[in-house]
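One structure below.
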Amino acid sequence: MKKTNKITVSIVAIVLVAAILIGYFLLHDNGGAAAGEGAYVEKVSVITGGGMVYADRYSGVVESQETLEIKKDSNRPIEELYVEVGESVIIGSPLFKYDVTEAQNNIASTNLEIEGTNNEIAALNAEIGELASDRNKASADEKLDYTTQIQSKQMAIRQSEIELQQKKKDLEKYQKEIDNAVVTSTISGIVKSISENGYDNYGNELPYIAITQTGEYRVKGKVDENSVGVIVPGMSVIIRSRTDETQTWTGTVSHIDTEPVTDNNNYYSDSGERSSSYPFYITLDTADGLMLGQHVLIEPDYGQGTVKEGIWLDMSYIVTEDDGNTYVWAANSRNKLEKRKVELGEMDDETYTCQILSGLSETDMIAWPDESCKEGMPVITSDSFAEDAE
């Protein structure tokens, strides 16, 4: 009988130990509590990031507000180049001159052709006069033949007159080439590049001369095809110096090129495949302190440049009841979940945050509101995870 009692007691002890172990693992599984038995909470200061707003950054470079690109006529040789890279020019400065020898020769030969055509027309008119005189003396049967000859020569005159009109147009074109042989700059700036062959190493067509305008600056950025939808015209942006991120400028995205960049510096995606990049341009509010060619960082302005006072909480943490009262799920002093009434202030639609006027401090711990949240349920903190890891 005593042996039986000892066995029974042993079994009960084993069951109790097993129950305790099961309960322990249920409580500590998934962060210290079984599903539905605890709510994960985090400090308000951690959730709000200390008031910081983070944004993706894109590389950019300061360039002239306008770049004048002059392409040369591939059919016309250059007689003389007047400028070199790095040289300053003003409006009206001569850049280069086309060789007009061919145009001058064409004018001379065309004038001879015009003279010959005029002589032909004069001769045809003289022949028509003689035929008309002879027709008047001819019999009725012969008149038809004279009329046919006259009409044929009149047709030849009309054809010659059309050719004469074309030759005069050619003369105007050749003369225009001579008059405009010297190409001048239409802006004041610095000669950025001169391309003799007109193509880069990748076969892309280049302007013969490129001039960057001095005075007004803009920023040119690049965004890859996976993020191109993030940058839109009219968006406010912050420009940061690469060497000193506290030095900033502001501006607005003016436009985005729809054609991707086709150089050898395109981005690569996470999969290793080449990803095209799209240039976008920023009009600066002020360019004070910026230098032409300076490399900068560009980020969309979500308010990160403005320090906001108080607590600005993501609105998804805030619950609004039917009567209009607002609350958050917060941990009380006994580490139990409770509804904490909060008073709201201003809202920021861009960052989807709301100012908390009262009811919450940065040291309070709150939970994400979902259907499992109930008043009085235990809370799970990041410290709980640390303890379990130990």
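Can you say whether residue 378 is over 30 Å from residue 250 (Cβ atoms), crowded, with 16+ Cβ neighbours inside 10 Å, in contact with an Asp or Glu (Cβ under 9 Å, 6 or more places away or on another chain) and in contact (Cβ under 8 Å) with a residue 40 or more places away in the chain, as far as the supplied structure shows?
Values: over 30 Å from residue 250 (Cβ atoms): yes; crowded, with 16+ Cβ neighbours inside 10 Å: yes; in contact with an Asp or Glu (Cβ under 9 Å, 6 or more places away or on another chain): yes; in contact (Cβ under 8 Å) with a residue 40 or more places away in the chain: yes.
Here the answer is yes, as residue 378 does meet what is asked.
Contact annotation: residue pairs with Cβ atoms under 6 Å, 6 or more positions apart or on different chains, pairing a residue in the stretch 237-253 that is surrounded by fewer than 20 Cβ atoms within 10 Å (Cβ to Cβ) with a partner that is among the basic types (Lys, Arg), are 248/240.
Looking at the structure I just gave you, is residue 368 farther than 25 Å from residue 37 by Cβ and among the aromatic types (Phe, Trp, Tyr)? Give the derivation first.
Details: farther than 25 Å from residue 37 by Cβ: no; among the aromatic types (Phe, Trp, Tyr): yes.
Spelling it out, it is not the case that residue 368 is farther than 25 Å from residue 37 by Cβ and among the aromatic types (Phe, Trp, Tyr).
Condition first: assigned to a strand (DSSP E or B) and under 8 Å from the mean Cα position of the chain (by Cα). Now tell me which residues in the stretch 214-252 satisfy that. First the steps, then the outcome.
Our first condition is that a residue be assigned to a strand (DSSP E or B); within the stretch 214-252, this holds for 217-224, 236-241, 248-252.
If the condition is that a residue be assigned to a strand (DSSP E or B) and under 8 Å from the mean Cα position of the chain (by Cα), then 221, 222, 223 are the ones that fit.
For first residues located in the stretch 159-173 and farther than 10 Å from residue 114 by Cβ and in contact (Cβ under 8 Å) with a residue 12 or more places away in the chain, partners that are in a helix (DSSP H, G or I) and not β-branched (Val, Ile, Thr) and lie 6+ apart or on another chain with Cβ distances below 7 Å form the pairs 160/120. Any idea which residue in the stretch 160-206 is surrounded by the fewest Cβ atoms within 10 Å (Cβ to Cβ), counting only those that are part of a strand (DSSP E or B) and in contact with a Gly (Cβ under 7 Å, 6 or more places away or on another chain)? Filtering first and then ranking leaves 205. Evaluating residue 209 against the criteria (1) surrounded by fewer than 12 Cβ atoms within 10 Å (Cβ to Cβ); (2) in contact (Cβ under 8 Å) with a residue 40 or more places away in the chain leaves one unmet condition, (1).
Considered as a group, the residues in the stretch 348-361 that are out of contact with any Phe, Trp or Tyr (no Cβ under 9 Å at 6 or more places or on another chain) and at pLDDT below 90 include one that is nearest to residue 312 (Cα to Cα), and that residue is 352.
Filter the stretch 300-354 down to residues that are within 30 Å of the chain's Cα centre (by Cα) and polar (S, T, N, Q) and give me whichever is farthest from residue 234 (Cα to Cα). Let's see the steps before the verdict.
Kept after step one, since they are within 30 Å of the chain's Cα centre (by Cα), are these residues of the stretch 300-354: 300-308, 314, 347-353.
Going one step further and asking which of them are polar (S, T, N, Q), we end up with 304, 306, 351, 353.
Numbers: 304: 18, 306: 19, 351: 17, 353: 22 Å.
Taking the candidates together, the pick is 353.
Entry remark, the stretch 109-129: residues being surrounded by 12 or more Cβ atoms within 10 Å (Cβ to Cβ) and over 23 Å from residue 169 (Cα atoms) number 5 in total. Here residue 102 fulfils each of the conditions (1) surrounded by fewer than 14 Cβ atoms within 10 Å (Cβ to Cβ); (2) free of Cβ contacts under 8 Å to residues at least 40 places away in the same chain; (3) of a type outside the set (A, V, I, L, M, F, W, C) apart from (1). The single residue among 195, 139, 160 that is among the small types (Gly, Ala, Ser) and within 23 Å of residue 73 (Cβ to Cβ) turns out to be 195. When 297, 292 are screened for being closer than 28 Å to residue 58 by Cβ, assigned to a strand (DSSP E or B) and under 33 Å from the mean Cα position of the chain (by Cα), only 297 passes.
What are the residues in the stretch 88-98 that are in contact with a strand residue (DSSP E or B) (Cβ under 7 Å, 6 or more places away or on another chain), surrounded by fewer than 14 Cβ atoms within 10 Å (Cβ to Cβ) and assigned to a loop (DSSP other than H, G, I, E, B), if any? Full working, then the answer.
Taking the stretch 88-98 as the starting set, the residues that turn out to be in contact with a strand residue (DSSP E or B) (Cβ under 7 Å, 6 or more places away or on another chain) are 88-89, 92-98.
Going one step further and asking which of them are surrounded by fewer than 14 Cβ atoms within 10 Å (Cβ to Cβ), we end up with 88, 92.
92, the sole residue that qualifies.
The values are calculated or read from the model by the stated rules, or taken from the named source; none is laboratory data. The structure presented is a predicted model; accordingly, all values stated were derived computationally and were not measured. Neighbour counts run over all protein chains shown; Cβ positions are idealised from the backbone, glycine included.
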